Amino acid sequence: MKHFRFYNKQDILSLTKLRRYETKLGERLQTVNDPLEFESFLQTTKAGYFLIGIPEDIGIRANNGTPGADTAWLPFMQSFLNIQSNDFLGGDEIVLLGHFDFGDIQYLIDHNAHGDEEKLEAYRHAVNTIDDEVETLIKIITEAKKIPIIIGGGHNNAYPLIKGASKGWHKAGIIPLAQINCINLDAHSDFRPIEGRHSGNAFRYAEEDGYLQKYCIVGLHENYLPQNIWIDIVNNPFIDCITYEDIFIHEKRSFLQAVAHATGFTEDNLCGIELDLDSVQNVLSSAATPSGILPVHARQYISFAASGSKPAYLHICEGAAKLANGQADESTGKLISYLVSDFVKAMSS
């Protein structure tokens, strides 16, 4: 994991706005002060949640998407660390571990690859390096029976999360086979064909490799569902979906009924909880939508899925504070901090 940077307490406090008579989350979160002692720390800490950033958009570039998902991590931390520590959320149950920095890979590609095709191939090749390092860290954390909370980054990272969590929870003796289920609140299936790794095919790779048992997508947009993928979903009894149109346009079921269906479909195993911020209306992302779920739906989804399933991990991805085209919105980080706090509260209640 040569690209991972561990945080210490001073890193956290530098972003925490201290105030008299108040205690902020940044003052209570745990850190691993000596990276060499990481694995022994895992065994001794009572904290159940490990918070990790993957601020990269290499996987999005590899999918011909709009870059910018590497910008959400810092605004998220600036918001999350300044939440009030109180009876609703203390903070000492969370370890803020650190973040991956793949900037050197990005730099190499940008300065050495010539032409769009060569860059695309280089990005897809680079995603394999990201996969390996993310998988390694997630396996170590879950093997210690801790729940990783991952803030992306592109949705390409779902593949190493599923793979690492499957291996880790299996090695910990929690699941009999190295495979887990997944619920994904997303406008897209991210089940594109195997054509080189990118942000649009994480779940296809995970399923083909045997690490993804059941997969349910909530809020899928019919306008962005390729016919060949639709046929694959319909013909696979281990994959299910409820479209955005069936929930909000045709009103065949309510949003919470759709989430309940997803948790019921996946309840026989540990379950990765995925939330792609391109499903939330007007949130800055690589594929932002003017017609999506509201932020309150995203919060309900996180809370309901956390309490209604057996989470293997939480992954919030594709959000951006600034896109490569110049669009900017600092509130994305604050929304992610609400979602993370909702998850931990739901797990603790």
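Just so it is clear, none of the values below were taken in a lab; they were calculated from the coordinates. Quick caveat, the model's predicted, so the values are computed rather than measured. Because the Cβ atoms are built from the backbone with ideal geometry, glycine has one as well, and the counts that use them run over all protein chains shown.
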Study note, to complete from the structure: Computed on Cα atoms, the radius of gyration and Dmax of the stretch 9-161 in angstrom are 17.4, 57
Practice item. For Lys146, go through the lysines and keep the ones whose alpha-carbon is under 24 Å away, minus same-chain ones fewer than eight residues off. Key: Lys2, Lys9, Lys24, Lys46, Lys163, Lys167, Lys171, Lys214, Lys310, Lys345
Review point. Stokes-Einstein D for the stretch 83-230 at 37 °C, 0.692 mPa s, Kirkwood Rh over Cα pairs, in µm²/s?
Key: 192
Point to revise | Charge context of Ser307, other residues only, Cβ under 15 angstrom, K/R +1, D/E -1 | key: +1
**Study point:** Dipole in debye (nearest 20) - the stretch 291-349, about Cα centre, beta carbon charges: Lys, Arg +1; Asp, Glu -1
**Key:** 180
**Study point:** Inter-label distance for Asp132 and Leu18, nm, one decimal - labels placed 7 Å from Cα along Cα-to-Cβ
**Key:** 4.3
Study note, to complete from the structure: Dividing the mean separation of Cα pairs under 8 Å (6+ apart) by the residue count of the chain yields a relative contact order in percent of 20
Check your understanding: Hey, what does the equivalent ellipsoid look like for the chain, semi-axes from the Cα gyration tensor as sqrt of 5 times each eigenvalue, largest first, whole Å?
Key -> 28, 24, 21
Exercise for review: Express the C-alpha Rg of the stretch 186-304 as a ratio against the empirical globular expectation 2.2 N^0.38 Å, rounded to two decimals.
Suggested key: 1.02
Exercise for review: Take the Cα radius of gyration of the stretch 276-330 and divide it by 2.2 N^0.38 Å, with N its residue count; two decimals is plenty.
Suggested key: 1.26
Study note, to complete from the structure: Percent of all Cα-Cα pairs per 5 Å bin for the stretch 1-45, counting from 0 up to the last occupied bin, reads 5, 20, 24, 19, 17, 9, 6, 1, 0
Check your understanding: Using the Kyte-Doolittle scale, which helices in the chain average at least -1.0 and also have C-alpha atoms spread 30 Å or more along the helix axis, with helices defined as whole DSSP H runs?
Key -> 115-143
Review point. So what are the ³J(HN,Hα) numbers for the stretch 199-214, from phi and the Karplus equation (6.51, -1.76, 1.60; θ = phi - 60°), rounded to whole Hz, Gly and Pro as x?
Key: 6, x, 9, 4, 6, 5, 4, 5, 6, 4, 7, x, 8, 9, 8, 10
**Study point:** Given charges at beta-carbon only (K, R positive; D, E negative), |dipole| of the chain in Debye
**Key:** 1120
Exercise for review: For the chain, with a Gaussian network of springs between Cα atoms less than 10 Å apart, report the residue from Leu18, Leu137, Leu81 with the top mean-square fluctuation.
Suggested key: Leu18
Exercise for review: Compare the Cα positions of Ser166, Gly91, Ser341 along the charge dipole of the chain (+1 at Cβ of Lys, Arg; -1 at Cβ of Asp, Glu; about the Cα centre) and return the one farthest towards the positive end.
Suggested key: Gly91
Practice item. Return the distance in nm (one decimal) between the two label points of a simple spin-label model at Asn33 and His114, each offset 7 Å from Cα along Cα→Cβ. Key: 5.3
Check your understanding: How much of the DSSP beta bridge set in the chain is antiparallel, as a percent to the nearest 5?
Key -> 15
**Study point:** Along each principal axis, Cα extent of the stretch 252-308, largest first, Å
**Key:** 34, 24, 16
